[in-house]
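The values are calculated or read from the model by the stated rules, or taken from the named source; none is laboratory data. No experiment lies behind these values; they were computed from the predicted model shown. We place every Cβ from the backbone using ideal geometry, glycine too, and count neighbours over all the protein chains shown. All accessible areas refer to the heavy atoms of the entire protein, side chains included, with ligands and DNA or RNA removed. Shrake-Rupley method; radii C 1.70, N 1.55, O 1.52, S 1.80 Å.
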Amino acid sequence: MTEVERAAELLRAGELVAFPTETVYGLGADATNPQAVAKIFAAKGRPQDHPLIVHLADAGQLDAWARDIPAAARTLAAAFWPGPLTLILSRRPGVIDAITGGQDTVGLRVPKHPLALELLREFGAGLAAPSANRFGRVSPTTAQHVRDELGAAVAMVLDGGPCAVGIESTILDLSGPAGDQPAILRPGMITAAAIAAVLGQEPAAARAPGTHVPRVSGSLDSHYAPGTPLELVSSDGLVFAVRNAIIRQERTAFLASMAQPIHHELISWRLAPAEPEPFARALYASLRELDALGCARIVVQAPPGTPGWAPVLDRLRRAAY
Ligand code: TXA
Ligand code: MG
């Protein structure tokens, strides 16, 4: 039996299997089995009303999970799947409440990782898979991160190497009434501009209050946080932050794209990539490593406010909360 065959068998038996995707590692369970899905919530320590993304082998399975699918959803699926885009659609009757958080919508995506796709094909149905971390903590981007954090709670971890994208998928809500503007609920590396180029319509950044707003746990303010307090500072503030750490006699870890200005035994300096894609790819592993140093704080140089950096800045702001 291959590893993937064994993984599919464990999933059929209602066990949890962590698997790699292009974004982060997912904690997978049979999306039609309420007992299996309950194990996800227990392993993560996640509140019950937070919905889960269902992962599919291909867009042909959309109709098994969603109804009243707008043309825009099929267009986006054709353009971006497999890839880091989750579509929120009206759920089909029969999709269990544990998946949808009791809402009338379901989140669906086809991940772009050969091992994930092999597993989904072998399993033959939808896999519920949130990021394979404890609730509110940094998402895992290697198999070892999952083992470190969830240990015996998972029956198996498929190792597909480090994730290529490094931050979670873009979530786009298409479940509004016909003619409604699609809304980005969580920014990701599939940007508003890329979506607009395909749809010929700019997605909304967030829905106006009072209109239909699905719950997204990724939109809680304190999310993706390391245990060590994290501070975001401008490039001008970095030198000040270094001096401050030395004056206060506090061991401090820095993640910055500029070179270390002052060398001192209390300062750990990690160079960050100067472009959004490599920055995102390395971000969560860097935060875990800096967290493990046991410093008084982690100081991160804030990236530019340009659109390309928006998804990275979103995760950093939540980590700093
Ligand atoms: O890249 C990703 O999306 C990763 C990989 C493993 O696929 N998954 C991931 O799952 O980030 P999770 O559960 O950590 O975050 C999924 C987000 C949650 O914030 C959840 O609330 C939201 O998607 N979500 C899922 N279904 C939804 C729905 N029907 N309506 C609104 N939000 C939904
Ligand atoms: Mg998550």
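Within segment 243-261, identify whether any single residue is within 30 Å of ALA183 (Cβ to Cβ), open to solvent by 40 Å² or more (accessible area, probe 1.4 Å) and of a type in the set (Gly, Ala, Ser), and answer yes or no. No, the conditions are met nowhere in segment 243-261.
Criterion applied to ILE69, ILE88, ILE96 was being out of contact with any helix residue (DSSP H, G or I) (no Cβ under 9 Å at 6 or more places or on another chain), open to solvent by 10 Å² or more (accessible area, probe 1.4 Å), at pLDDT 95 or above and of a type in the set (A, V, I, L, M), and the one residue passing it is ILE88.
Taken as a whole, segment 139-147 holds no residue that is modelled with pLDDT under 95, away from ligand 2 (no atom under 16 Å from the Cβ) and out of contact with any Ser or Thr (no Cβ under 9 Å at 6 or more places or on another chain). Taking segment 1-21 as the range and being part of a loop (DSSP other than H, G, I, E, B), in contact with a Lys or Arg (Cβ under 9 Å, 6 or more places away or on another chain) and open to solvent by less than 10 Å² (accessible area, probe 1.4 Å) as the test, the residues that pass are GLY14, LEU16, THR21. Inclusion of PRO162 among residues that are away from ligand 1 (no atom under 13 Å from the Cβ), surrounded by fewer than 22 Cβ atoms within 10 Å (Cβ to Cβ) and either among the aromatic types (Phe, Trp, Tyr) or touching a residue at least 60 places away in the same chain (Cβ under 8 Å) (or both) is warranted. Against the definition (open to solvent by 10 Å² or more (accessible area, probe 1.4 Å) and either away from ligand 1 (no atom under 11 Å from the Cβ) or not charged (D, E, K, R) (or both)), how does ASP148 come out, yes or no? When the stated conditions are applied, ASP148 passes them. Here ALA43 passes the criteria (1) crowded, with 20+ Cβ neighbours inside 10 Å; (2) closer than 23 Å to HIS113 by Cα; (3) of a type in the set (A, V, I, L, M) except the one numbered (2).
Checking each residue in segment 165-178 for being within 12 Å of ligand 1 (Cβ to nearest atom) and aliphatic (A, V, I, L, M) picks out VAL165, ILE167, ILE171, LEU172, LEU174.
ALA183 - would you say it is farther than 18 Å from PRO226 by Cα and either within 16 Å of ligand 2 (Cβ to nearest atom) or at pLDDT below 95 (or both)? No, not satisfied. Select from segment 100-129 the residues that are among the β-branched types (Val, Ile, Thr) and surrounded by fewer than 24 Cβ atoms within 10 Å (Cβ to Cβ) and write down the one among them that is farthest from ALA196 (Cα to Cα). The extreme case among them is THR100. Among the residues of segment 24-40, those identified as open to solvent by less than 30 Å² (accessible area, probe 1.4 Å) and in a loop (DSSP other than H, G, I, E, B) are VAL24, TYR25, ALA31.
Could you say whether any residue in segment 81-101 is under 19 Å from LEU185 (Cα atoms), away from ligand 1 (no atom under 11 Å from the Cβ) and in contact (Cβ under 8 Å) with a residue 24 or more places away in the chain? Yes, segment 81-101 contains at least one residue that is under 19 Å from LEU185 (Cα atoms), away from ligand 1 (no atom under 11 Å from the Cβ) and in contact (Cβ under 8 Å) with a residue 24 or more places away in the chain. Looking across segment 262-295, the residues that are open to solvent by less than 40 Å² (accessible area, probe 1.4 Å) and either of a type in the set (S, T, N, Q) or farther than 20 Å from LEU238 by Cα (or both) come down to SER268, ALA280, ALA282, TYR284, ALA285, SER286.
Table: residues versus (1) farther than 12 Å from LEU56 by Cβ; (2) out of contact with any Pro (no Cβ under 7 Å at 6 or more places or on another chain).
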| position | (1), (2) |
| --- | --- |
| ALA71 | yes, yes |
| ALA79 | yes, yes |
| GLY94 | yes, yes |
| PHE123 | no, yes |
| ASN133 | yes, no |
